[in-house]
1. If Trp227 meets every condition in (1) open to solvent by 70 Å² or more (accessible area, probe 1.4 Å); (2) aromatic (Phe, Trp, Tyr); (3) more than 15 Å from His204 (Cα to Cα) apart from one, which number is that one?
2. Those residues that are open to solvent by less than 40 Å² (accessible area, probe 1.4 Å), at negative phi and out of contact with any strand residue (DSSP E or B) (no Cβ under 6 Å at 6 or more places or on another chain), I need them from segment 1-22; list them, please.
3. Scan (1) under 23 Å from Asp4 (Cβ atoms); (2) at pLDDT below 75; (3) not small (Gly, Ala, Ser) for the single condition Pro169 breaks and write down its number.
4. Here is a list: Pro87, Pro40. Which entry is in contact with a Leu (Cβ under 6 Å, 6 or more places away or on another chain) and open to solvent by 10 Å² or more (accessible area, probe 1.4 Å)?
5. Within segment 232-245, restricting attention to residues that are assigned to a loop (DSSP other than H, G, I, E, B) and touching a helix residue (DSSP H, G or I) at 6+ places or on another chain (Cβ under 7 Å), which residue is least open to solvent (accessible area, probe 1.4 Å)?
6. Do you know which residues across segment 215-231 are free of Cβ contacts under 8 Å to residues at least 24 places away in the same chain and either farther than 22 Å from Ala261 by Cβ or assigned to a loop (DSSP other than H, G, I, E, B) (or both)?
7. Quick one: is Thr242 of a type in the set (Val, Ile, Thr), over 33 Å from the mean Cα position of the chain (by Cα) and modelled with pLDDT of 90 or more?
8. Gly124 versus (1) closer than 25 Å to Gly171 by Cα; (2) of a type outside the set (A, V, I, L, M); (3) open to solvent by 20 Å² or more (accessible area, probe 1.4 Å): which is the lone unmet condition?
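The values are calculated or read from the model by the stated rules, or taken from the named source; none is laboratory data. Quick caveat, the model's predicted, so the values are computed rather than measured. Quick reminder, even Gly has a Cβ in these numbers, built from the backbone with ideal geometry, and neighbours come from all protein chains shown. Side chains are part of the model used for accessible areas, which takes the heavy atoms of the whole protein and leaves out ligands, DNA and RNA. Shrake-Rupley method; radii C 1.70, N 1.55, O 1.52, S 1.80 Å.
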Amino acid sequence: MPIDLITRKEWGARPPRGAYTYLASTKGVKVHYTGGSVDPDIVNDHGMCIRLMQSFQNQHMDSNRWIDLGYTAAACPHRKVFEGRGPHHVPAANGAGLNSAHYAVLALVGSSGFVKPNDGVLWGVLDAIAYLRSRGAAGNDLKGHKDGYSTSCPGEPLHAWVRKGCPAPTGDGKPATPTPAAKPAVKAPAARLLMYVKGRPMMHGDDVKAWQRTLRDGGHAVAVDGWYGEHTAAMTRAWQRTHKLPVDGIVGPDTRRKAAALAAR
């Protein structure tokens, strides 16, 4: 089947902090795992795959101070391939002095919890390899991260499969019941509490406008002017009363969660 590629935009990747180093070709591909604990429920929830990818990118950019996620691509239990740095870009995950020789493909399995790759993961890795051979001039060399670098990665179950030459699984790697496409998590600005306090300056901003639109869509007459005044607070209390929430006129976590749940219906 054709590769089921999830683009960077689709999984909510941050933009790289700098330019990638160009890579004309490689000897092949090195396979990695996440290490640490991966919740076994990931096989039933593709949204967990997206959140894991975002977490790894944050770690690599914020803790490792790399320009981006270190992997070229990643494969998840649902036979989907996440776009990482992409073909013809030097990865950062193979170890110092080893990145220009092989692309780096991450398999979303850990050292505890979900440790044995299912057919979806294995097919995803194979799809990523085929993609990098056709789009990135990857050679035929297939290795694990630990081949040439002192690490436990990619874990024994995955490394044993790599040592056999990455044979194709017997199944097609797709779940019996198709996993609903998960919406990529969109990073919202830090949510502030919206409230009106008599005698203090009114709060103002785009977040107020967004909330006023929610009120208006819910049938409450309010101007979408971005000012959180006495009337907006009164309409918020009415909205909270309608949805059986604590009636305080403050747009906080519980109110936002309820609004998000209603919007997702």
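1. Here Trp227 meets the rest and fails (3).
2. Ala13, Gly18
3. All conditions pass for Pro169, except number (2).
4. On the way: Pro40 fails: in contact with a Leu (Cβ under 6 Å, 6 or more places away or on another chain).
It is Pro87.
5. We begin by selecting, within segment 232-245, every residue assigned to a loop (DSSP other than H, G, I, E, B); these are 243-245.
Narrowing the set further to residues that are touching a helix residue (DSSP H, G or I) at 6+ places or on another chain (Cβ under 7 Å) leaves 243, 245.
Working: His243: 52, Leu245: 36 Å².
The selected residue is Leu245.
6. Step one: list which residues in segment 215-231 are free of Cβ contacts under 8 Å to residues at least 24 places away in the same chain, which gives 216-217, 219-226, 231.
Once the filter is applied, which keeps residues that are free of Cβ contacts under 8 Å to residues at least 24 places away in the same chain and either farther than 22 Å from Ala261 by Cβ or assigned to a loop (DSSP other than H, G, I, E, B) (or both), segment 215-231 yields Gly219, His220, Ala221, Val222, Ala223, Val224, Asp225, Gly226, His231.
7. On the way: of a type in the set (Val, Ile, Thr): yes; over 33 Å from the mean Cα position of the chain (by Cα): yes; modelled with pLDDT of 90 or more: yes.
It is true that Thr242 is of a type in the set (Val, Ile, Thr), over 33 Å from the mean Cα position of the chain (by Cα) and modelled with pLDDT of 90 or more.
8. Only one criterion is unmet by Gly124, namely (3).
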